[in-house]
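Working notes, structure below.
Just so it is clear, none of the values below were taken in a lab; they were calculated from the coordinates. The shown structure was predicted, so the numbers you read here are calculated from the model rather than taken from an experiment. Don't worry about glycine lacking a Cβ; one is built from the backbone with ideal geometry, like all the others, and counts go over all protein chains shown.
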Amino acid sequence: MRRSRRPSGLLGAGAVLLAVVAFGPPPDGAPAGAGVAPEPDAPAPLPRPAGWPAPRYDVSATPPTQAGVALGRALFYDPRLSRDGTISCASCHLQATGFTHADHALSHGIEGRVGRRSTLALVNLAWNPVLHWDGGVHHLDVQPLTPLTHPAEMDHSPAAVVADLNRSKPCRARFARAFRGDSVPTGQRVLLALAQFTGQFVSYRSRYDKHVRHEPGGELTEQELTGLALFRRHCAAPHRATRTLDPRLRAPFPLTANDQRDLIAFLLTLTDDEFLTDPQFGYPVEEGGG
Ligand code: HEC
């Protein structure tokens, strides 16, 4: 599932600038690790299913490692990233619903504050040319700054997050593993680790995906194939729920009750249960607290 959005440019540039202003450069001369031997930098390459284009997220400068992804996972589920310690990224981005919040039309942040936008699913982010509904964020490495500082989301200050994390010994140990023995959490490293984790959210194992790749498990029933044909005929053109709605979608198209059943049968083949239940993306119980 990939979306194309209109890049605005402004917020993206602002977010990059904010990243530099808020966090500054990484402390090269910072004190070394908390006594935890760094693991080898085992790489964490993205899955590249057959037929997919190369990801747009350029990781050549900082290739994801297993330890970086593990750190990002711990941070993603850590409510200390919000000002009052109640909301983690996972509060709004729930794995079971494709990392969105299916029963909330608008996002819910700290102190019950309701945002102005619906939480986006986090899927195949590394292939997205731009991020957010309006395409206002241009790079996964700086994206987490927005929820961290947004008043209706986590309403925190990057400096305070870093100070909090620095007080935790298990947390410093995770940073040491991810950053070659240097245990100091910095803002830049928090962002990078989160991006390394969310970048791994690749959905490619639905029955429909397997069908397209002619893999076992990708056999579709006659009803699902009829639904697919209907989908191609009526729904495959790009569409949105806005003033810029494609003229072809303005006129309603008639669907019989049978058509509707066939279409739904096909749509259900798009669910990637393996992605929704993949333990590597779940709450990191084995990591413990801290
Ligand atoms: C209070 C709810 C909330 C929290 C907490 C939250 N998000 Fe989001 N997230 C949203 C909303 C709403 C959007 C859509 C924002 C927009 O378009 O302006 C979004 C969008 C995103 C996107 C862009 C997805 C895309 O396809 O464009 C990413 C990536 C993301 N969030 C990651 C995170 C991370 C990482 C954290 C934790 C640091 C986090 N979010 C915390 C609600 C939340």
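Annotation: amide H of His108 within the under-5 Å range of Gly115, sequence separation 5 or more or interchain, hydrogens built in the peptide plane.
At an R0 of 45 angstrom, the distance between the Cβ atoms of Thr62 and Asn258 translates into a FRET efficiency of 0.30.
Here the range 91-184 is assigned +1 on the Cβ of each Lys and Arg and -1 on the Cβ of each Asp and Glu. Its dipole about the Cα centre then comes out at about 420 debye. Taking amide H as placed 1.01 Å from N in the peptide plane, the amide H of Thr100 sits under 5 Å from that of Leu94, Leu122, each at least 5 places away or on another chain.
Model label points for Leu268 and Glu222, set 7 angstrom from Cα along the Cα-to-Cβ axis, are 1.8 nm apart. Measuring r between the beta carbons of Ala102 and Ala54 and using R0 = 30 Å, the FRET efficiency lands at 0.45. As a rough guide to protection, the peptides 185-195, 61-71 ranked by mean Cβ packing within 10 Å, highest first, stand as 185-195, 61-71.
How do 166-174, 43-51 rank on mean C-beta neighbours within 10 Å, highest first?
Numbers: 166-174: 17.3, 43-51: 12.8.
In descending order of packing, they fall as 166-174, 43-51.
Using only the Cα atoms of the range 127-200, build the gyration tensor, take square roots of its eigenvalues as a ≥ b ≥ c, and label the shape rounded, prolate or oblate: rounded if a/c is under 1.5, else prolate if a/b is larger than b/c, else oblate. Cα axes put the range 127-200 in the oblate bin. Here the Karplus relation 6.51 cos²θ - 1.76 cosθ + 1.60, evaluated at θ = phi - 60°, turns the backbone of the range 57-66 into coupling constants of 6, 7, 10, 4, 6, 9, x, x, 10, 4 Hz, with x for every Gly and Pro. Using θ = phi - 60° in the Karplus curve 6.51 cos²θ - 1.76 cosθ + 1.60, the 3J(HN,Hα) couplings for the range 108-118 round to 10, x, 5, 6, x, 5, 9, x, 9, 10, 7 Hz; x is entered for Gly and Pro.
Along its first, second and third principal axes, ordered by size, the range 106-164 spans 32, 27, 17 Å in Cα coordinates.
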